[in-house]
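Here is the structure we will look at.
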Amino acid sequence: MSRIQGHPVPALFPASGAVSVMLFGEAPGPRGADQSGIPFWGDGAGITVYRALAATGRAEVPAAAWEDWDGARFKALGLAPRLHRTALSNAFPACPTKDGEHFHAPSNRDLLAPANLARLSAELTRAAAGRTSPLRVIAFGKRAEWVLSRLPGASVFDLHALPHPSAQGLLQGAPGKGKGLKLEDLRAAWQAQLCGLLSD
């Protein structure tokens, strides 16, 4: 049995109410969303995302989730977040893998496939429904920013970009590639940036 399931992970929207911000990661992670079926839910980088969402009142996270951040455990226990005014998705909908065991970043061809572009446009249109001002969209990492800036015919949105919240993404986006800096400090600074963008 393959470690990576590779099933498409649908975007997550609030149960009710309008959306003011939509977040896009790169792709579901092998230990997180690939297992839980929920964007960022259990991903190593996703814990920082949900901390910011919880801190700004945009998500309710079950207390048990913080104890062991793991997508398979979340699914087994039926743990799921509740979103408010916020939608979550990924630039590519499934965990990219060539062998069922190892993650690899989605290629340009993956991201620009007509079906993927149509999916992204449909998600953005749904999130922007009923809005009189542009939807705020936050992309995590250069791949997500790259494809979102190339969407034909999508609803008008206000695009912001942050480094990918993985250790590698934070170090690469830091001054001097993070030399001499503590990873926890970089995570805290990134979370503060995201909280600022999530504030109404």
Those residues of the stretch 1-23 that are hydroxyl-bearing (Ser, Thr, Tyr) and more than 25 Å from Gly130 (Cβ to Cβ) come to a total of 1
Can you find a residue that is modelled with pLDDT of 95 or more, in contact with a Cys (Cβ under 9 Å, 6 or more places away or on another chain) and either under 23 Å from Leu151 (Cα atoms) or not aromatic (Phe, Trp, Tyr) (or both) anywhere in the stretch 8-15? yes
So, first residue at pLDDT 95 or above in the stretch 36-56, second residue assigned to a loop (DSSP other than H, G, I, E, B) and of a type in the set (Ser, Thr, Tyr), Cβ within less than 9 Å, six or more apart or across chains; the pairs are Thr56/Ser199
Checklist (1) surrounded by 23 or more Cβ atoms within 10 Å (Cβ to Cβ); (2) assigned to a helix (DSSP H, G or I); (3) of a type outside the set (Gly, Ala, Ser) applied to Asp43, failing item: (2)
The condition of being surrounded by 23 or more Cβ atoms within 10 Å (Cβ to Cβ), of a type in the set (Ser, Thr, Tyr) and at negative phi holds, among Ser36, Ser20, Ser16, only for Ser36
Is there a residue being in contact (Cβ under 8 Å) with a residue 24 or more places away in the chain, touching a Phe, Trp or Tyr at 6+ places or on another chain (Cβ under 6 Å) and surrounded by 15 or more Cβ atoms within 10 Å (Cβ to Cβ) anywhere in the stretch 155-164? yes
Scope the stretch 175-192; condition touching a helix residue (DSSP H, G or I) at 6+ places or on another chain (Cβ under 7 Å) and modelled with pLDDT of 90 or more; matching residues: Leu186, Arg187, Trp190, Gln191
Here the residues within the stretch 145-177 that are closer than 21 Å to Thr86 by Cα and not in a loop (DSSP other than H, G, I, E, B) are Glu145, Val147, Leu148, Phe157, Asp158, Leu159, His160, Ala161, Leu162
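The values are calculated or read from the model by the stated rules, or taken from the named source; none is laboratory data. Because the structure is a prediction, the values reported are computed rather than measured. Note: ideal-geometry Cβ built from the backbone for every residue, glycine included; neighbour counts use all protein chains shown.
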